[in-house]
1. With a sphere of radius 14 Å drawn around the Cβ of ALA229, what net charge do the other residues whose Cβ falls strictly inside it have (Lys, Arg +1; Asp, Glu -1)?
2. Return the sequence-ordered ³J(HN,Hα) values of segment 38-50 in whole Hz as given by the Karplus equation 6.51 cos²θ - 1.76 cosθ + 1.60 applied to θ = phi - 60°, using x for Gly and Pro.
3. Taking the Cβ-Cβ separation of ARG254 and ARG50 as r and a Förster radius of 51 Å, what is the calculated FRET efficiency to the nearest 0.05?
4. Under a Cβ-Cβ cut-off of 12 Å, what is the net charge of the residues other than ARG360 that fall near it, where Lys and Arg count +1 and Asp and Glu count -1?
5. Please give the residues of segment 269-309, grouped as numeric ranges, whose backbone N is less than 11 Å from a label point set 7 Å along the Cα-to-Cβ vector of VAL217.
6. What distance in nm separates the two pseudo spin-label positions at ASP266 and ALA364, each 7 Å out from Cα along the beta-carbon direction?
7. What's the ranking of 304-310, 249-255 by average number of surrounding C-beta atoms within 10 Å, highest first?
8. What's the FRET efficiency of ARG342 with ASP232 using the Cβ-Cβ distance as r and R₀ = 25 Å, to the nearest 0.05?
Amino acid sequence: MTSSRPAPHGGGSRASSPGLAVAAVARRLGVAPATLRTWDRRYGLGPSARTAGSHRRYTPEDVARLLVMRRLTLEGVAPVDAAKAALDAGVEELEEATEEAASAGAEPDDGDDDAEPDPGRPAPVAEGEAPRGRAHLRALPGGGEGASAPPGHLPGGSASGRVSAVVDAALAYDQAACDDLLAIPAQGDPAAWWTEIAEPAWQRVAQRTVLAGPGAVPEVVLATAALRALRDFTEAFERAMVAGGAPPANHPSRMRKIVLIFAAPDEVVPLSAHALAAALTAKGATARIVTGPASTHRSLELVTMVRPAALVLATAQRRPDLDLIHAVHDGFAELPIIVSLRRDDAASELPLAATVQRVRSFTAMLHEALAVVT
C-alpha cells in the first residue's frame, strides 16, 4: 500500500525507521500475525516499506491504519467497512489513533524483530499479565498494564478483544491459536467463559459466509477448540477434587443427583450443553450430556435408567423441537424440567406445568439447575 499523505509518528526518530516486521506489529495491536496477513491479502492493509533485502515492513502510517481497523472491528463494524474506513482515514485521524496507542502505554519497537513466532499464535502470556512490548489500546478496555484477568476471562485484554481474536483465528483455520485463546484458566469460570467469550465468538463465526478449501471449516475449528477447553478444564477440576479428598465423578454418592442435559434435535454441535455441564461441574454438581441420535423412545429409556434430579434442554435454536419435553413430562410429571428458550413465541409450545420452567439465558439455566441439585 502506498500513500501520499505524511505518516504520523510519535517522535522524529521514527520517521527514518526501517519499519516493523509483522510479529512486532501483531504484538503492538494484540492480534495474531495471521490476522495481519489476512487484512493485507483481503483489504490491502499491508506493509508498504521494504528493506534492502526486500523484506516488507510496516511504516508508522501502516500501523496507524491498522489501529483504526482494529478499533472499528472491536466496536462491531464489519471488517470490510472497517478496512475501507482505515484506508480512507486522513492524517488527523491516523495521528489520533497513534496518540491513543501511545497514551495507553505502548513502547516503540526497535523495528529489527525479524524472528516471527508460529503464525497465528500470540506470544505466551502468564495468567493475569499483559504481553511484553504490546500496546494497550483504548479500544481494548481493561487491557491496561497490570490488569488481572477476572474469573472466566482469558488473560490479556477485554472480552471483546478476546472474541475478535478467537474469530480471527477460526477464520484463518489456525487451530493452535484458537486452542490457546479459548483455554480456560485453572481458576476460571466456565459460565463466564461461555457467555463472554465462546458464545459470542460462535455466533459471529456462524454469521460469516466464507470461501473455504477442502477440509477448512471455521465452525469446526472453533468448536474443536471450545470442546477441548471444556474437557481439559473439567478433567483438571475433577483431578483436583479427588486429590483434595472428594469421591470420583462416578462414585454412587455423586450419582444420586444428576442433571441430564439434552440438546435440541438436529443441533450438530451442542456447545451450550457442554458449557452448562462444565459450569455445573465447577459448582460441585454432576451433569451428563446426551449425545448422538436420541429418539423420544430412547430418551425416555435414558431418563428411566439415570433417574436424574433435573432435565435440561440446552439449545441455541430459535424454535427447537419440543416433543422430547412433552414426552418426558407426560412420563415423569414430577421431574423438574428446564428449557432454554429466548423467544417468547416458542415458549407457548411448552407444557403448562409447575415442574416445566422456561429460562431466557444461559446464566438463568445454570442457576435453576443448581437450585434443584444443591
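The values are calculated or read from the model by the stated rules, or taken from the named source; none is laboratory data. Fair warning: this is a prediction, and the values are worked out from it, not measured in the lab. Virtual Cβ from ideal backbone geometry, glycine too; neighbours counted across all protein chains shown. Heads up: the accessible areas ignore ligands, DNA and RNA and are worked out on the full protein's heavy atoms, side chains in. Shrake-Rupley method; radii C 1.70, N 1.55, O 1.52, S 1.80 Å.
1. Local charge sum for ALA229: -4.
2. Residue by residue, segment 38-50 yields 5, 5, 5, 5, 8, 10, x, 8, x, x, 10, 9, 9 Hz.
3. Calculated value: 0.20.
4. Neighbour charge sum, excluding ARG360 itself: +1.
5. Answer for segment 269-309: 269.
6. Result for the modelled spin labels: 2.5 nm.
7. The most tightly packed comes first, giving 304-310, 249-255.
8. Approximately 0.30, to the nearest 0.05.
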